[in-house]
Structures are given as structure tokens and as C-alpha cells.
Amino acid sequence: MEQLVPLLVALPLGAAFLIVMIAHAGPLKRLTTPLAVLAVLVNLLIAGRLLWAGALHVYVGGWGQGQTLGIELVCDGLSKLMLIVINFVALASIIFATQYMRRFTKVWLFDALFLLMTGAMSAVVLAGDMFNLFVFLEVAAIASYALVAFGCESEELEAAFKYLILGTVGSAFILLGVTILYSLTGHLNMAKISEALRTIGPDSPGVLLGGAAIIAGLALKAAMVPFHAWLPDAHPSAPAPISAMLSGVLIKASGVYALARVVFGVLGVSPYYANILIAMGLLSMVLGMFLAIGQWDFKRLLAYSSISQVGYVVLALGVAAEAMSRAAPDRTVAALCLFGGLFHLFNHATFKSLLFLASGSIEQQAHTRLLKEMGGLSRRMPVTSFCCRIGALSISGVPPFNGFFSKLIIIIALVLSGHNVLAAVGIGVAVGTLLMYIKVQRYVLEGEPSDAVAAAREAPAGMCIALVLLTIVCICAGLALVPLRDLLFTPAGEALLGALP
Amino acid sequence: MSQPGMTIIVKNTTRIIAGFIALFGVYIALTGHLSPGGGFAGGVILAAAAVLVVLAFGSGFAGRIVNEPKCHIWDGTGAMGFLVVALCGYITGGFFVNFIPIGTAHHLLSGGMIPLANLAILLKVGAGLAGAFVALSAFKYGRPRSIRRVGREL
Amino acid sequence: MGITIYLLTFAVLLVGLYIVVAKKNIIKIIVGVLIIDYAVNLLLVLVGYRSDGVAPILSPGQTAADLAETGVDPLPQAMVLTSIVIGLGITALMVSMAIRLHQKYGTFDMNRIRKLRG
């Protein structure tokens, strides 16, 4: 079973290299997209198989447990949850891309970069040491910079350049933090750094400097509010499957996941970090919602709404850290917070990628992204409209869809931990989200068809399959809450809480 | 100048030394497990030979030797080779585990799978850097005419 | 020496940060990002340094324990190499994007590269 874990990284990377090799070889060129779909599918199956294995520790290159050197891959509950999310969204996106990307040239390049990003994200969630985490964050980020600029139009290049500069500065700060932690402890392995930091004391100035650098860098990757400037440009500019991957997975794998892992697993919870997370989450929720309501560009609205929804997850993580950093740690509340936050992370990955993919197929048919120029699409594109509607209902927290349950759990956990104001803000933001998606429904799906959409037809079958796949998960995740909690979210929360003393 | 590229002096010098530069790159990669250097440094030197050829002869003529499809293929092969070396570790135990006898230290045939990995990195880095240079040098041809007059900004 | 040299790397980092934040020319921004990168790399090398240390290469007749006594820490050097390689890839991407942007907009001035708003 342990031998399967490195394959999760090796398989997508190998497929990406193979695609580059065969791309110039005449008839083999047609195989690139099927190869990419196959690689992601096999990866999803492996990730699914690993769910029933315990926590796995793989020491790459035969370095044993006792040695300080060597790279460790950790496949615990949280990694498994993230692997499922990454590979599932990647599968839906690549199926969507088989038909969506036909209007672009050099599709093989897209396939290769897509697999590179998927493989690197899988490696990020498996990384057991800080430097490996940094390296694969960078690999995923480089692939995503290139993918945002894939269309090579003015706006896309501008957005990608902005994203590239801010992303690189963020990475430099992550490396700075890793350096400081290494110089303080002499370790790179997360568990060992965490052990050594306990003897140094989490409040010593060096540790705080390192922690601040890492958290700033990761918050930039997660597009938390003071650092969010690149996201509303970068995510809408990318091709739709990539928007779905960036908003659905990348900001979570390289931002939220890494934040959670670093705060809980390496730095150890302390009131400083907890308050930073709470403040960033709160700001992101509120500002993201207000900025999103004012948007008239469909994909831009979705991008701002991503900031707002990821704010929920970070807020839940922050409150969990706060509950654990009290004099009398409240493990039950922390576990509930983590359950709500991770469930919302899962849900947001499904419904936001669903909405981005739907916006892609709508854009392809209507040739516009402006809400005011659309209208009446529910008659022209029944399948896409149905999926889009389910996604919108889920994200706005309408029962019985999955978004309702995750927001409800987060709000209950906030009340239980004594943060009534935060809970009230959470409810307010949920109402705002509902308003924003009522606006989407009203302008995109309802009403009389406008001139722009007069010629719109239903999207091709492959794109519909991807949408339906995500819709099914959106509907089922809300109904199958309890089995999912036992299978995915409780082990994931345990993995975070178990690293604490 | 009727011919593309640089003067005949540069071209002739390049003709003579480019091969030696490439050879030195391979040497650095092959002895990477014994002395400073290795796949990356060797690959950079190998790419420098390719860059020299492109600079001296102009990317049109040199395109027969160094062009983008070739770089892509060799780049993919190198990366694939590295992955295959890593996966061969499954023969003896796991990912990246050494599967070749280690040999005596400080001899050329030693270090287990490290020389193989260095060779793969040599290919990958050499082709990758050369490809990046070729791609960057190809840009000037694709520049639209309407913008050419505002080229003084730098 | 002492702590001064560490503070100097932080000064270099701040110079890079200033360039990225304050300058409007794309090429200057790229240079600023590179300066930030190099400052972090410099700090990483410094972390592994020990006074009068030797290069961490095993010479014939030497055991690993001897080397650990005298040599500098090789791990940060490996990390710096990785980080430099990543920086190289990012630089190539940044430069090619800058060229493309110049093709599209005819300028390197960030103030005039502004189609995205809101």
C-alpha cells in the first residue's frame, strides 16, 4: 500500500513528460488528451484506494524514520481528503477540456501543463517536509502561471504577469520562513520541526519571524484579503477548465491546506496565528462578498466569490486554532470547526468548479461574459442551466444542498466556541452570497433570450458530462453527510489535531 | 550583411569550439558524483553550446540543429528518464531507492543510480534551456508592425 | 560579522521589495523579483555556513564523521541549488511574458498596461 503513494505524484508527471515527447510525432499527437484523462482517472482511483489504508509514511529513497535527512511523504487523513478533491476536480476539468479546448492551438501543451499542475498539487498535499512543500508549490504555481496566460491575449498576459509577480514574491517569503525555521531547528521534516519548536518555545522572536513570513507567503497563495489583488484578474482570464482548477483546487491545495498544515502541524497553535487566521478569514468573507455583488462580469463575480468562500474555511481553521490555544483546549469545538471548514473546502471545490465550468460553456455559446448581455439561457441550454442552478443553490447555502450543511456547521461551531459576532457575520455573508447568486440566476438563466444568446445551443456532450458529474457530487455530498464525515472529514481533522501536544 | 548570423570569424570559432563546450558539459555531468558539478551544471554548459550556435549562425540556419520540436522531445525524454530511474527503485524496494551496485568510492563507476540520474538531468536541463532560448529568440519575428514604432520605451 | 551580515541580506530583500512595489517598468519589476529571490538564497547559504568551514565534498581517505566536523552544512546548498533552478524557470517565464506584453501593448509601462479593472 505504501508503494502506491509515490505513484500519485509520478503518474501525472510521467504522463505530462510523455505528452511532450509524443506531441511532435504525427499520428500519436491525437493521443495526448486521452492520455491526460486516463492519467487523472487512474490517479483518482489510486487516491480512492488509499482511503481505506491507515496513515502512511513513505520515506523516499530508502531513508529511514530515524534519520534527519531524506524526503518523507505523509499520507494521512487530511492528505487523503485533499487528494480526492484535487483528482476529482481535475478529472471533471480535463473531461470538460477535451471539447472546450478545441478552439485553442497547441492543446498538447495544455494537457502537459495541466498534468504537471495536478501532479505537483498531489505532491504538495503529500509533502512531509517544508522544503518539498515549497518546491512543489512552485511547480504547481509555474504551471498555473503558464496556464493563465494560455490564450496569449492582452488581458490574459496582463493578469498572468500580475499573478506571476505576486506569486513569486509569495514563494520567496515562504522560502524565507523555511530558511528561518531550518536555521532555528536544524530540521526540515514537519514533525521534527514541530518537536524542536516546542523546546525553543513558540513565542521566541525568531520563530515568530519565520512563522509570519510563511503565513504571509501562503496567504498570498490563498488570496486572503490583504493579498487578494491577483485573484480576480487571474482566475477569470484563464480558460474555463483552468479557472475551475485554480479556484476549485489550487488556492486550497497551495494556500489553505498549506496554511492549515503549517499552523497546526509545524508552528503549533498559538493565539497569534489563530488571530491572524481569524482576521484574514473575516476580511476575506466580507470584502469578497461585497466586491462580488457589484460585478457584472460572470467569471469575475465567481472569482470574488471564491475569495469570500475561502474566507469561511480560513475562519473555521482560525477558530479551531483559537480553541486549541486556550489555557483549557476545547478539542470538541475545534474538531467541529475543522469538520465544518474542511467540509466547506470540499464543497467549495465542487460547486465553484461546477460554476466556472458552466460559465465556460455559457461563454462559448453566448460569446460574452457580461451578465447584462445574457439572458434566457435556461431554455437554450437546459443541461448547463440545470447544473449551474444547482451549483448556485449549493454555494448560496440553500438546503438540502451541501453548501448549506457546511455553512451551518461552521456557524454552529462559531457559536459553540463563543464567537457570536463572527457567527452573525457568517450568516450575513451567507445572505449576501444568496443575493449575488440570485442576480446570476436572474440575468443569465431567466428572462427573454437576448440577441447575444439567440444562436446559443446546448454544450457538447463531453462538457455536459463534466458538469453533471460535479452536480451529482453537489447533491450527494449534502445528503451523504454522515458517511462522508466518517470516511473523509473526521480522519482529516484528527490528522490536524493529532499533531498538537 | 547578406548572410544571417555573425561574421565569419565568429562562425568559424563557433564551429570549432561548440563541440568541445558540449563535450565539457557531458563531462561535468558524468563526473557529477565525484566532483562539484552534476546534471544541472552540465546541462547549462550543454545549453550554452546550443545558444552559441544559435547566436553565431542566426536562428534560421541553426534551426536545423537546434529547434523547438527537438528541444521538446529531448526535454521530455530527459524528464522521463529521470522518472524511470526513480521508478526502477521499485525493483529493490521503493521510489528512488538505489538499484545498482554502489561500487568503490571515488571511481567513475560508482554512486549507484546517481550517474544515471545526472545523465537524465543533463538531457532535461540542456534541452530545456536551449528550448527556452530558442523560444525567446523566435519572438522578434512575430512582432506586429503597428507597434514597431513605439520600440523606444526601454 | 556576527548578525550584521544577516541584516544585510534582509536589507537586500527590502530593496527588492521596494522595487517591486514602487517601480512601474516591467523590466525593473522583474529585476526586483530576482533581487528578492537572491536575497533569500543568500540567507539560505549563510544559514549553512560555519566559520573556516571546508567545502562538503568527501575526499579520498576521509570519513563522513570527519567531514561533519569541519565541513559546512551541505543541505542548505542543495536547497539553494533547487531554489536557483526554480528562479531560473520563473525568470524565463517572466521574460517571455514581458516580451509578449510588449508585443501586445507596445510598452513596458505598467500604468499603460491596464485593460483589467474592477
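Of note:
- Think of the protein assembly as shown as having a plus end and a minus end, set by charges on the Cβ of Lys, Arg, Asp and Glu; of B:P101, A:A123, B:I114, A:A123 sits farthest toward the positive end of this dipole.
- For A:K252, the shell of other residues with beta-carbons less than 15 Å away shows a net charge of +4, using +1 for Lys and Arg and -1 for Asp and Glu.
- Residue range of chain A that is longest and free of chymotrypsin sites (Phe, Trp or Tyr not before Pro) which are both DSSP loop and sparsely packed (at most 16 other C-beta within 10 Å): A:297-501
- Partner shielding of A:159-172 amounts to 6, given as the average count of beta-carbon atoms from other chains within 10 Å of each residue beta-carbon.
- Trypsin sites (Lys or Arg not before Pro) within segment A:391-459: DSSP coil, no more than 15 neighbouring Cβ in 10 Å: A:R457
- Longest site-free stretch - chain B; sites: trypsin sites (Lys or Arg not before Pro), DSSP loop, at most 11 other Cβ within 10 Å: B:65-151
- Percentage, to the nearest whole number, of Cα pairs in segment A:295-501 over 30 Å apart: 27
- Between amide H atoms placed 1.01 Å from N, distances below 5 Å from A:A459 occur with A:T384, all of them 5 or more places distant or on a separate chain.
- With all protein chains modelled, accessible area of A:H367 [1.4 Å, Å²]: 150
- Cα gyration tensor category, rounded, prolate or oblate, for segment B:8-141 with a/c compared to 1.5: oblate
- Alpha carbon centroid spacing (whole Å) that separates segment A:328-393 from segment B:78-124: 46
- Sequentially through segment A:6-17, phi angles give Karplus couplings (6.51, -1.76, 1.60; θ = phi - 60°) of x, 4, 4, 8, 5, 5, x, 5, x, 5, 5, 5 Hz, Gly and Pro residues having no value and appearing as x.
- Translational D in µm²/s for segment B:1-58 (Stokes-Einstein at 10 °C, 1.306 mPa s, Kirkwood Rh from C-alpha pairs): 133
- DSSP-assigned coil residues among trypsin sites (Lys or Arg not before Pro) in segment C:1-58, each with at most 11 further Cβ atoms within 10 Å: C:R50
- Chains A and B together bury roughly 1300 Å² of accessible area, counting both sides, with a 1.4 Å probe on protein heavy atoms only.
- Solvent-free Debye calculation, one equal scatterer per alpha-carbon of chain C: log10 I(q)/I(0) at 0.20, 0.21 Å⁻¹ equals -1.09, -1.14.
- Charged-residue dipole, Cβ positions (Lys, Arg, Asp, Glu), chain A about Cα centre, Debye nearest 20: 680
- Across chain A, the fraction of Cα-Cα pairs farther apart than 32 Å, rounded to a whole number, is 36%.
- For segment C:4-112, with all protein chains in place and a probe radius of 1.4 Å, 68% of the accessible heavy-atom surface sits on carbon or sulfur.
- Loop-located chymotrypsin sites (Phe, Trp or Tyr not before Pro) in segment B:3-78, at most 15 other Cβ atoms within 10 Å (DSSP): none
- The phi torsions of segment A:335-349, fed into the Karplus equation with coefficients 6.51, -1.76 and 1.60 and a -60° offset, translate into couplings of 5, 5, 4, 5, 4, x, x, 5, 5, 5, 4, 4, 5, 4, 4 Hz, rounded to whole numbers, with Gly and Pro shown as x.
- Contact surface B-C: accessible area buried, both sides summed, square angstrom, 1.4 angstrom probe: 1400
- Listed values for segment A:73-82 are Karplus-derived 3J(HN,Hα) couplings in whole Hz (6.51 cos²θ - 1.76 cosθ + 1.60, θ = phi - 60°), namely 9, 10, 10, 9, x, 5, 4, 5, 4, 5, and x replaces Gly and Pro.
- For A:L56, nonlocal amide neighbours, meaning residues 5 or more places apart or on other chains whose placed amide H falls under 5 Å from its own, are A:C75, A:D76.
- When the charge dipole of chain A is built from unit charges on Cβ atoms (+1 for Lys and Arg, -1 for Asp and Glu) and taken about the Cα centre, the candidate among A:G376, A:P329, A:S204 whose Cα reaches farthest toward its positive end is A:G376.
- Convex hull of Cα atoms in segment A:163-203, direction-averaged projection (nm²): 3.3
The values are calculated or read from the model by the stated rules, or taken from the named source; none is laboratory data. The structure displayed is predicted, hence computed values, not measured ones. Backbone-built Cβ (ideal geometry, glycine too); neighbour counts: all protein chains shown. In case anyone asks, the SASA skips ligands and DNA or RNA and just uses the protein heavy atoms, side chains included. Shrake-Rupley method; radii C 1.70, N 1.55, O 1.52, S 1.80 Å.
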